Amino acid sequence: MADHYFSADPESSAKTQSIDFNVRGRHYTLLASTGVFSAGRLDPGTAVLLKKSDLPGPEIAGPLLDLGCGYGPIAVVLADHAPNAEVWAVDVNSRARELAERNTNGRKVKVSAPHLVPAEIEFEQIWSNPPIRIGKQELHELLLLWLPRLKADGVAWLVVAKHLGSDSLQKWLIEQGWPTEKHASGSGYRVLKVSRGQAS
Ligand SMILES: C[S@@+](CC[C@H](N)C(=O)[O-])C[C@H]1O[C@@H](n2cnc3c(N)ncnc32)[C@H](O)[C@@H]1O
C-alpha cells in the first residue's frame with residue numbers, strides 16, 4: 001500500500017531535502033524527507049499559522065504541544081519564541097519523529113509518539129496543522145482526545161484550509177463546547193483559536 005504522510009512507518013526510501021523558510025525575521029533550515037507531510041517546502045497552511053497567530057513569548061511557561069509535528073517546523077519556531085517553555089512534539093509517523101528530533105536538537109523540545117506523552121501533563125497551548133486527510137471522524141476524535149488536555153485558561157491554535165472544511169470544523173468545535181474564533185485568514189487557510197468553554 002502506498003505511504004500516507006500519516007503512515008506509522010513509511011516504507012518508501014527516505015530522500016531527504018532541506019527546507020528553508022523565514023518566520024518573523026528568523027531564518028530556518030530544516031531537514032525533511034519523502035514519507036512525511038510537505039517534504040518539499042514549508043506547508044503554506046503552516047506558514048499562515050506561524051505568521052498570523054499570537055506566538056508565545058519568553059513569559060510563557062508551557063508546556064506547549066505541537067500536535068502532528070511532521071518534521072518539526074512548528075515545534076522549532078515555538079521553542080525559539082518561548083525558550084522557557086517545554087514543547088512536546090508528537091506524531092504517529094516514526095520518520096517524522098526522527099526528523100523532528102534532529103531539527104529540534106539543542107532546543108527544549110521533547111519529540112514523542114502520541115501515546116507516550118505522560119497522562120498528567122496539561123498544556124498551556126496546543127498548536128496544530130491537523131491531519132485533515134485522516135478523515136472527519138478520526139480528526140474529531142483526535143481533537144477531542146487532546147483539547148481536554150488544555151489547562152483551564154489554555155488555548156489551541158489550528159490552521160485548516162477553507163476548501164478542506166475550516167468553517168465546518170469551527171462550527172463543530174463550538175457545538176462540542178469549545179469556543180472557537182476565526183483569528184486570521186490567508187492563502188486559502190483559516191487560523192482558528194480555540195479556548196475552553198463552560199462545558200469543555
Ligand atoms: C498536516 S500534517 C502537519 C505536519 C507539520 N506540523 C507541518 O506543519 O509541516 C499533520 C501531521 O499529523 C500527523 N498525524 C496523523 N495522525 C496523527 C495522530 N493520531 N496523532 C498525532 N499526529 C498525527 C501526521 O503524521 C502529520 O505529520
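A cut-off under 14 angstrom between Cβ atoms defines the neighbours of Trp146, and their net charge, with Lys, Arg +1 and Asp, Glu -1, is -3. What length, rounded to one decimal in nm, is gained on full extension from Lys151 through to Thr29, with 0.36 nm per residue of separation minus their alpha-carbon distance? Net length gain for the segment: 40.7 nm. Distances between placed amide hydrogens fall under 5 Å for Tyr189 paired with Lys162, all partners being 5 or more residues away or on another chain. Take the Cα of Ile132, step 7 Å toward its Cβ, do the same at Asn84, and the gap between the two points is 3.6 nm. Computed over the alpha-carbon pairs of the chain, the distance histogram in 5 Å steps reads 1, 8, 17, 21, 23, 17, 10, 3, 1, 0 percent, short to long. Using the Cβ of Leu116 as centre and a radius below 12 Å, the other residues enclosed give a net charge of +1, where K and R count +1 and D and E count -1.
Greater than 25 Å separation of Cα atoms is the criterion. Which listed pairs, Lys110/Lys136; Lys110/Lys151; Lys15/Lys51, meet it? Correct reply: Lys110/Lys136; Lys15/Lys51. Across all directions, the average flat footprint of the convex hull enclosing the Cα atoms of region 156-200 is 2.7 nm². Taken one residue at a time, the phi angles of region 117-130 give Karplus couplings (6.51, -1.76, 1.60, θ = phi - 60°) of 6, x, 4, 7, 6, 10, 9, 6, 9, 10, 10, 7, 9, x Hz. Gly and Pro are set to x. Within the listed set Ala14, Ala39, Ala96, the residue fluctuating most in the Gaussian network model of the chain (springs between alpha-carbon atoms under 10 angstrom) is Ala14.
Throughout, read-outs are computed from the coordinates displayed, never taken from laboratory work. Only a predicted model underlies this, so the values are computations on that prediction, with no experimental measurement involved. Ideal geometry is used to build each Cβ from the backbone, glycine not excepted, and the neighbour counts take in all protein chains shown.
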